[in-house]
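Shown next, in structure tokens, is the structure this report addresses.
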Amino acid sequence: MTELLKQQKLFNLLIDDPVLFQEFLDNSKESIIILNNNSTISDWNHAIENITGIKKQQALNNPIIDILSELIPKLKNSDELKIRVKRKIDIYTTNQSKSANKMVRFTIKDSSGKTKSLKALILKFKTKQKTGTGIIIKDLSLEKEKEKKELRNEEYLSTIFNNDAIGIAFTKPTGEIIKVNPKFLELTGYTNEEILKLSIKKITHPDDFIKENELFNKTVREKGKKYTIEKRYIRKDGSTICAKLHTNFKWNSDNELELIFGFIEDITSKKKTEKALLESEKKYRYLTEKATDIIYTISLDSKVTFYNKAIERIFESTTEEIEQNNYTHLMLPQDKESALKLHSDIYNGKKPPIFEHGFKTPKGRLVYLECSVTPLFNESNEVTGALGIARDITDKRKAQEELKEGKEVLEDLVKTKDKFLSVIAHDLRDPFNILIGYSDLILSDFENISKEDLKKYIQAINNSSNNSFSLLKNLIDWSKTESNRIVFSPEKINIGKTISRTIQSLKYSAEAKSVKIRFKYIDNIFIYTDDNMLKTVLRNLIANSIKFSYKHSDIVIELIEEKNQFIVKIIDTGSGISDENKARLFLQNHNFSERGTTNEKGSGLGLLICKEFINKWNGRLWIESNLGEGSTFSFSIPK
């Protein structure tokens, strides 16, 4: 019985009960329209809304011919055709037609413009309440789409069946062959007519048939769906081929085995290769044992599962110890993280590049190995571990490190020389120009120069001389630190006295800008550090604060004692430093310098020297500053 006829039967059964009939209309998957005797629409269910795109409210109480005209382009475009169709509808709905039911087919365009093919059953009804016409409509478009899909699936299955890579055989549970593909015929050497007269047992090697039969019976007992086995097939010419058989079982609705699908992969070449590898294993094992490089395999949990004798010699460990431990217990800590990543890549099937790892043997000897590792796979193409070859490159590594160190020392010396010459060429030129200029001026016009001008010229010469001396001292200190020739020589120092004497040495520089340096002298506080280094740090940091202080301002120096250290703070209210420049102050190769508040120049070496010296006594140097708000340079001295 078709769906339309089923719906007609339900329609006739429920039409006398308004409540049940309305529920039937609302829940029917088929589209239903109810017409009055005057051919107007009295009901329009949800399914017809989906087909046409016209809502119930739009359709109700409208002549059916008007709605059809919206859906069928031919009716809309031809008044003559519309009149003929309307006349037929009216004849049917007003009981002038002799036929009880009528089946029609027609095509519409829904509100979105999509074309749909429909089949309609038109039937009359009569109840106590009213008489009318019912139209039950089925969308044939879905059935056509389903047919197309099934056709595509058939084509797809046909393509798979007729492929030339895998042999396929359909057999009954008894082993009778009922269908095979061309590849299966090629593998066995039979024609299609010949193979269909045989059973699976006839073309299976006797030894393998017993094994497969046990697996088959077990799968059947457990109501399984498939099994896989390697077996030998006997070809028509008597030769054998090795194959991997994948079977799938088809069970019917009564849970009875109906059909078996077999997919046969030819692995004859693979088996020959495995045999050849097995035969050559002894030869390769001999070569492996005689190799000077370590040849090893490791499991997924990083246990060494195979190794040659070279591993005992290089690691200075017995085979028992190597077998008991994860080999990473000998690896240098800094190499363990990279080793984990490399092994993770290997276990994901990737082959990493050649890499180096360092190890410490149980006897404490440092060993470097150059390793090449390849993932190992099982028959299911799953990674089971890795094969590695490791060469001892300890001597080579030592030579490279020595060469690298020598190169770095040479490069540092060249950089030191270049910077030294650069500072001499540029930063010493201005002070000497001042010395020469003012001394020439005094010599050329000594008799006519007033005492006031003479004092001013001498003061300039003095300031320039002090600046030159300070710069030369910094250059010497810096060159010593760069070439590692300066030695940290700690001694007991009265830090209060050292700070006071340093302030006194910078008195004229401060007075030239009317800057006052305030320090509350504290006696009898002793520290243990290098006196010359401390003086250099204090001189540079205080001179730096004077350079960036405005005229008539103050610099405050504080000495703070903490539990484990002393902290010295040099605080000014000068021009301050931007965040960008703060990050550049201590860059070794940047040589950063800014002009002071009265255009004073600098070499950029002072702060670098301070940082180097403070690092030598394990202290810390830091700065707190905002542009335009002054700066605080602080450093610590451990007790």
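The values are calculated or read from the model by the stated rules, or taken from the named source; none is laboratory data. This one's a predicted model, so the numbers in the text were calculated from it and none came from an experiment. FYI the Cβ positions are ideal-geometry reconstructions off the backbone, even for glycines, and counts take in every protein chain you see. Just so you know, the surface numbers come from the protein's heavy atoms only, side chains and all, with ligands and any DNA or RNA stripped out. Shrake-Rupley method; radii C 1.70, N 1.55, O 1.52, S 1.80 Å.
Summary of computed values
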| quantity | calculated |
| --- | --- |
| Members of the stretch 204-229 that are more than 17 Å from HIS246 (Cβ to Cβ) and in contact with a helix residue (DSSP H, G or I) (Cβ under 7 Å, 6 or more places away or on another chain) | PHE209 |
| Residue ID - nearest to SER117 (Cα to Cα), chosen from residues in the stretch 41-75 that are in contact with a strand residue (DSSP E or B) (Cβ under 7 Å, 6 or more places away or on another chain) and surrounded by fewer than 17 Cβ atoms within 10 Å (Cβ to Cβ) | PRO73 |
| Matching entry among LYS350, LYS271 (being more than 23 Å from GLY364 (Cβ to Cβ), modelled with pLDDT under 80 and of a type in the set (Lys, Arg)) | LYS350 |
| In the stretch 126-142, the residues that are of a type in the set (Ser, Thr, Tyr) and either modelled with pLDDT under 80 or within 55 Å of the chain's Cα centre (by Cα) (or both) | SER141 |
| Odd one out for ILE577, checked against (1) open to solvent by 50 Å² or more (accessible area, probe 1.4 Å); (2) in a loop (DSSP other than H, G, I, E, B) | (1) |
| Residues within the stretch 450-485 that are modelled with pLDDT of 70 or more, surrounded by 14 or more Cβ atoms within 10 Å (Cβ to Cβ) and β-branched (Val, Ile, Thr), tallied | 1 |
| Of the criteria (1) open to solvent by 20 Å² or more (accessible area, probe 1.4 Å); (2) touching a helix residue (DSSP H, G or I) at 6+ places or on another chain (Cβ under 7 Å), which one GLU23 fails | (2) |
| Residue within the stretch 603-618 that is modelled with pLDDT under 90, open to solvent by 10 Å² or more (accessible area, probe 1.4 Å) and outside any helix (DSSP H, G or I) present | yes |
| Pair list, Cβ under 7 Å, 6 or more apart: the stretch 495-517 residue without any contact (Cβ under 8 Å) to a residue 40 or more places away in the chain, other residue assigned to a helix (DSSP H, G or I) and crowded, with 17+ Cβ neighbours inside 10 Å | SER505/ARG539 |
| Conditions (1) under 13 Å from THR268 (Cβ atoms); (2) in contact with a Phe, Trp or Tyr (Cβ under 6 Å, 6 or more places away or on another chain); number of the one not met by TYR233 | (2) |
| Tabulated pairs, the stretch 372-395, first among the charged types (D, E, K, R), second open to solvent by less than 70 Å² (accessible area, probe 1.4 Å) and outside any strand (DSSP E or B), C-beta under 7 angstrom, 6+ apart or interchain | ARG391/ASP293; ASP392/ILE314 |
| Filter result (open to solvent by 40 Å² or more (accessible area, probe 1.4 Å) and under 18 Å from CYS610 (Cβ atoms)) within the stretch 520-533 | ASN532 |
| Options ILE51, ILE15; residue that is at pLDDT below 90 and under 56 Å from the mean Cα position of the chain (by Cα) | ILE51 |
| The lone exception for GLU411 - which of (1) in a helix (DSSP H, G or I); (2) at pLDDT 85 or above it fails | (2) |
| Residue that is modelled with pLDDT of 90 or more and in a loop (DSSP other than H, G, I, E, B), where the choices are LYS183, LYS197, LYS179 | LYS197 |
| Any hit, the stretch 602-621, residues being under 30 Å from LYS492 (Cβ atoms) and of a type in the set (Asp, Glu) | yes |
| Subset of the stretch 316-338 that is part of a helix (DSSP H, G or I), surrounded by 14 or more Cβ atoms within 10 Å (Cβ to Cβ) and at pLDDT below 80 - its residue that is nearest to the chain's Cα centre (by Cα) | THR328 |
| So ILE571, is it under 29 Å from TYR508 (Cβ atoms), open to solvent by 20 Å² or more (accessible area, probe 1.4 Å) and without any contact (Cβ under 8 Å) to a residue 60 or more places away in the chain | no |
| Hits in the stretch 345-372 - residues which are open to solvent by less than 50 Å² (accessible area, probe 1.4 Å) and either part of a loop (DSSP other than H, G, I, E, B) or under 14 Å from ASP335 (Cβ atoms) (or both) | GLY349, PRO352, PHE355, HIS357, GLY358, PHE359, THR361, GLY364, VAL367, TYR368, LEU369, CYS371 |
| Residue match in the stretch 117-136 (condition: farther than 20 Å from ASN38 by Cβ and surrounded by fewer than 17 Cβ atoms within 10 Å (Cβ to Cβ)) | yes |
| Members of the stretch 207-256 that are open to solvent by 80 Å² or more (accessible area, probe 1.4 Å) and either assigned to a helix (DSSP H, G or I) or within 19 Å of THR188 (Cβ to Cβ) (or both) | ASP207, ILE210, LYS211, GLU214, LYS218, ARG221, LYS236, ASP237 |
| Pair list, Cβ under 9 Å, 6 or more apart: the stretch 109-123 residue touching a residue at least 60 places away in the same chain (Cβ under 8 Å), other residue of a type in the set (A, V, I, L, M, F, W, C) and part of a loop (DSSP other than H, G, I, E, B) | LEU123/ALA100 |
| Scope the stretch 534-558; condition farther than 14 Å from SER631 by Cα, touching a residue at least 40 places away in the same chain (Cβ under 8 Å) and crowded, with 16+ Cβ neighbours inside 10 Å; matching residues | LEU534, THR536, VAL537, LEU538, ARG539, ASN540 |
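Each row is one residue, and each column tells you yes or no for (1) in contact with a strand residue (DSSP E or B) (Cβ under 6 Å, 6 or more places away or on another chain); (2) under 23 Å from SER500 (Cα atoms).
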| residue | (1), (2) |
| --- | --- |
| ALA543 | no, yes |
| HIS552 | no, yes |
| ILE555 | yes, yes |
| GLN565 | yes, yes |
| GLY574 | no, yes |
| ALA583 | no, no |
| ARG595 | no, no |
